[in-house]
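Enquirer: Quick one: this structure, given as structure tokens, is what I'll be asking you about.
The values are calculated or read from the model by the stated rules, or taken from the named source; none is laboratory data. Just so it is clear, the model here is predicted, and its values are computed rather than measured. Here the Cβ positions follow ideal geometry from the backbone for every residue, glycine too, while neighbour counts run over all protein chains shown. Calculation scope for accessible area: heavy atoms of the full protein, side chains included, ligands and nucleic acids excluded. Shrake-Rupley method; radii C 1.70, N 1.55, O 1.52, S 1.80 Å.
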Protein chains: 2
Amino acid sequence: MAEDEPSLSLVWETFTGYQRTAALKAAIELDVFTLIGAGIATVDALAERCDTAPRGVRALLNHLVMDGFLTRDGERYGLSTTAAVFLNRNAPAYVGSAITFIASPMIMEGFTRLTDAVRRGGTAIPDDGALAPEHPVWVEFARAMAPLAGMTALLLANLLDVEHAPAWKVLDIAAGHGMFGIVLAQLNSGVQVTALDWKNVLAVAAQHAQAAGVSARFRTLVGSAFDVPWEDGYDLVLLPNFLHHFDPATCERLLTKAHAALAPGGRVVIVEFAPDDDRMGPPDAVRFSLTMLAGTPAGDAYTFAELETMLQHAGFQRATRHELSPSPARVVIAER
Amino acid sequence: MAEDEPSLSLVWETFTGYQRTAALKAAIELDVFTLIGAGIATVDALAERCDTAPRGVRALLNHLVMDGFLTRDGERYGLSTTAAVFLNRNAPAYVGSAITFIASPMIMEGFTRLTDAVRRGGTAIPDDGALAPEHPVWVEFARAMAPLAGMTALLLANLLDVEHAPAWKVLDIAAGHGMFGIVLAQLNSGVQVTALDWKNVLAVAAQHAQAAGVSARFRTLVGSAFDVPWEDGYDLVLLPNFLHHFDPATCERLLTKAHAALAPGGRVVIVEFAPDDDRMGPPDAVRFSLTMLAGTPAGDAYTFAELETMLQHAGFQRATRHELSPSPARVVIAER
């Protein structure tokens, strides 16, 4: 990532990075991309439709042109290809809602206190940040991240070849939006899903299960993954984006519980932002380590090697590593 | 700025842009770049020197490698060319302090409330944001922005060919750090500078004048640029990065006052982030319009054409447009 010429632009872009986040967030909150996609394409038309000041809309739209999300031809604005595919609420791959979580006050607070977090080696948000029991940010997460997670879940379902699988009994730990289990159930009518999470979060997952038409094969287990009994006999235990919140010893405790919950031949499936073993890439996975530092007491982005060590300590024999390209997520699967 | 392929990476990078700002801010606050520049180059050595947790330092450093500010070779970190030139406190072109202003809580608050600002067409920060009298953010500004402004001031001094100028009498309006006047005085021993700003801000400018060895030709005028009499007979009235805080009518009032303060043949010199007349570039100038929306009641990034109209209304006859490349700042000069 080093460059040869000194770049004051790179410094300035990074100094002002938060402004690009804020501009995109405002545009999503005002649903500007959906409106422009529907042909409401001038400053005045948008201002009238959104009940906003024209000078506010103009400044926002021009910023978004510079950022690559809009195009402009005279007084008319249009969607860039990226905005048309991912930010128009009517597009099948819409992921705009994710900003509600990724730039939520809770997550941003961790980064506001980042210098302190670096000093102490863990979040500087009081009360363990988002890991406090029943924290409402996870309801936000479940709603906001469902579209993005749905895409990753589909890639995972393909990796697992669920369409040719027998009638799996699946346990989805810290299910959140529930999408990882729900997509498996959608693609194979024999799959039964048990989703575990806080009660208020599971209400959102249950809505997603209903919308996906799999409610009859979707049941919920309410409470903390650490305290609630999981039952046993599962073919798959999913741990999607969960281990990174905890220190390795805690992860091993969870994996030991997963091991005990599996039927013979059953598998644990870990989905993570996993950096390479030398932490030199991929960029977003390496950066994610700082997200966990900012927001959790002792979490981290674990490498494949670190995850394999935890699995071994939890009694698993062998683990396999998988990419979910084009998603940045990676997968480790280990058999009981 | 449109691209042909839809890019989920662009969306993700923008969602998380604020995290890159926070990482760089933490690194500057912990003075990581200066320490690495001095050869303190491993996680453990830096953690000991900064009295921080090794896991915090590791997550921060690896993030900075991904962002282009550090290099890494095994366990040793080094400065990228950009960091060596601009972020090492011992480098002559150090500008790291600017983040203290650009990502100050005050400026960031405007962007936190950006959706509201777009709706109302002006800042959603109470009490007119940073424009409240004696607002302490301007002391922060004067300290933080001096190095970056010093570079721009040098480019401006070259544009004005100050070294071959007669003994100019210069008025620097809303002088802040004072660098625009100070650099002129440094390069021509006949130049006399009067700097106008709030009292607490001028204390910082006076320190800069002393450090530059021009105290004897640097005097201050305390108060609001709108209320304090400016006196007259100036050869140059500088308006560096000031007009963008106000609406056009207010700018015209200031320019009329500048006109009256000039000696015959005197010139007003406006330094601004000025977008092209169609507001299709340069990117940072176009984006700056949103910064003013977020932080001021009615300010804007004015185009060359808009500035020329204001100058005309204020009684100036002709104006010339200038670039300050490689700085993104632009200049309009108008003769009385």
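Enquirer: Which of the residues spanning segment A:76-90 are open to solvent by 10 Å² or more (accessible area, probe 1.4 Å) and in contact with a helix residue (DSSP H, G or I) (Cβ under 7 Å, 6 or more places away or on another chain)?
Expert: Within segment A:76-90, A:Tyr77, A:Gly78, A:Leu79, A:Ala84, A:Phe86, A:Asn88, A:Arg89, A:Asn90 qualify.
Enquirer: Oh, and also: Part of a helix (DSSP H, G or I), aliphatic (A, V, I, L, M), open to solvent by 10 Å² or more (accessible area, probe 1.4 Å) and within 14 Å of another protein chain (Cβ to nearest Cβ) - does that describe any residue in segment A:130-138?
Expert: No, segment A:130-138 has no match at all.
Enquirer: Name the pairs whose Cβ atoms lie under 8 Å apart, with the first residue in segment B:2-31 and acidic (Asp, Glu), the second not in a helix (DSSP H, G or I), and 6 or more positions between them or separate chains?
Expert: Note: pairs meeting the criteria are B:Glu3/A:Gly68; B:Glu3/A:Ser80; B:Asp31/B:Arg89.
Enquirer: If I filter segment B:22-34 for residues that are open to solvent by 10 Å² or more (accessible area, probe 1.4 Å), at pLDDT 95 or above, touching a strand residue (DSSP E or B) at 6+ places or on another chain (Cβ under 7 Å) and more than 10 Å from every other protein chain (Cβ to nearest Cβ), do I get at least one hit? Explain how you work it out, then say what you get.
Expert: Taking segment B:22-34 first, the residues open to solvent by 10 Å² or more (accessible area, probe 1.4 Å) are B:22, B:25, B:28-31, B:34.
Now narrow it down to the ones that are at pLDDT 95 or above: B:22, B:25, B:28-31, B:34.
Those still in the list that are touching a strand residue (DSSP E or B) at 6+ places or on another chain (Cβ under 7 Å) too: none.
No, that holds for no residue.
Enquirer: Any residue in segment A:65-81 that is more than 19 Å from the chain's Cα centre (by Cα) and aromatic (Phe, Trp, Tyr)?
Expert: Yes, segment A:65-81 contains a residue that is more than 19 Å from the chain's Cα centre (by Cα) and aromatic (Phe, Trp, Tyr).
Enquirer: Follow-up question, since we're still on this one. For the structure I just gave you, tell me whether B:Ala91 is more than 9 Å from every other protein chain (Cβ to nearest Cβ) and assigned to a loop (DSSP other than H, G, I, E, B).
Expert: In short, yes.
Enquirer: Residues being under 14 Å from A:His63 (Cβ atoms) and charged (D, E, K, R): count how many of those fall in segment A:1-53.
Expert: Count: 3.
Enquirer: Please go through segment A:61-88 and pick out each residue that is more than 19 Å from B:Pro6 (Cβ to Cβ) and within 8 Å of another protein chain (Cβ to nearest Cβ).
Expert: Filtering segment A:61-88 for residues more than 19 Å from B:Pro6 (Cβ to Cβ) gives A:61-63, A:73-76.
Hits for segment A:61-88 are A:Asn62, A:His63.
Enquirer: Out of B:Ala157, B:Ala174, B:Ala167, I need the residue that is open to solvent by 20 Å² or more (accessible area, probe 1.4 Å), within 21 Å of B:Leu262 (Cβ to Cβ) and under 17 Å from the mean Cα position of the chain (by Cα). Which one?
Expert: B:Ala174
Enquirer: Scan (1) assigned to a helix (DSSP H, G or I); (2) more than 7 Å from every other protein chain (Cβ to nearest Cβ); (3) open to solvent by 10 Å² or more (accessible area, probe 1.4 Å) for the single condition A:Ile40 breaks and write down its number.
Expert: Evaluating A:Ile40 over (1) assigned to a helix (DSSP H, G or I); (2) more than 7 Å from every other protein chain (Cβ to nearest Cβ); (3) open to solvent by 10 Å² or more (accessible area, probe 1.4 Å) leaves (1) as the failure.
Enquirer: Related question: Across segment B:113-129, which residue is farthest from the other protein chains (Cβ to nearest Cβ) among those that are modelled with pLDDT of 95 or more and not in a loop (DSSP other than H, G, I, E, B)?
Expert: B:Asp116
Enquirer: Say we look at segment B:1-21 and pick out the residues that are acidic (Asp, Glu) and within 8 Å of chain A (Cβ to nearest Cβ); which of these is least open to solvent (accessible area, probe 1.4 Å)?
Expert: Only one residue tops the list, namely B:Glu3.
Enquirer: Tally the residues that are free of Cβ contacts under 8 Å to residues at least 40 places away in the same chain, in a strand (DSSP E or B) and closer than 14 Å to A:Val57 by Cα, restricting the search to segment A:69-85.
Expert: Start the filter on segment A:69-85 by keeping residues that are free of Cβ contacts under 8 Å to residues at least 40 places away in the same chain, which leaves A:70-76, A:80-82, A:85.
From what is left, the residues that are in a strand (DSSP E or B) are A:70-73, A:76.
Narrowing the set further to residues that are closer than 14 Å to A:Val57 by Cα leaves A:70, A:72, A:76.
Here the count works out to 3.
Enquirer: If I ask for residues that are facing another protein chain (nearest Cβ under 8 Å), in contact with a Gly (Cβ under 8 Å, 6 or more places away or on another chain) and either crowded, with 24+ Cβ neighbours inside 10 Å or part of a helix (DSSP H, G or I) (or both), which ones from segment A:47-60 would you list?
Expert: Step one: of segment A:47-60, the residues facing another protein chain (nearest Cβ under 8 Å) are A:50-60.
Keeping just the survivors that are in contact with a Gly (Cβ under 8 Å, 6 or more places away or on another chain) gives A:52-56.
Passing the criteria: A:Pro54, A:Arg55, A:Gly56.
Enquirer: Ok, one more. Residues that are open to solvent by 50 Å² or more (accessible area, probe 1.4 Å) and in contact with a helix residue (DSSP H, G or I) (Cβ under 9 Å, 6 or more places away or on another chain): find the helices (runs of 4 or more DSSP H) completely inside segment B:236-336 holding 2 or more of those.
Expert: By residue number, B:248-261, B:304-313.
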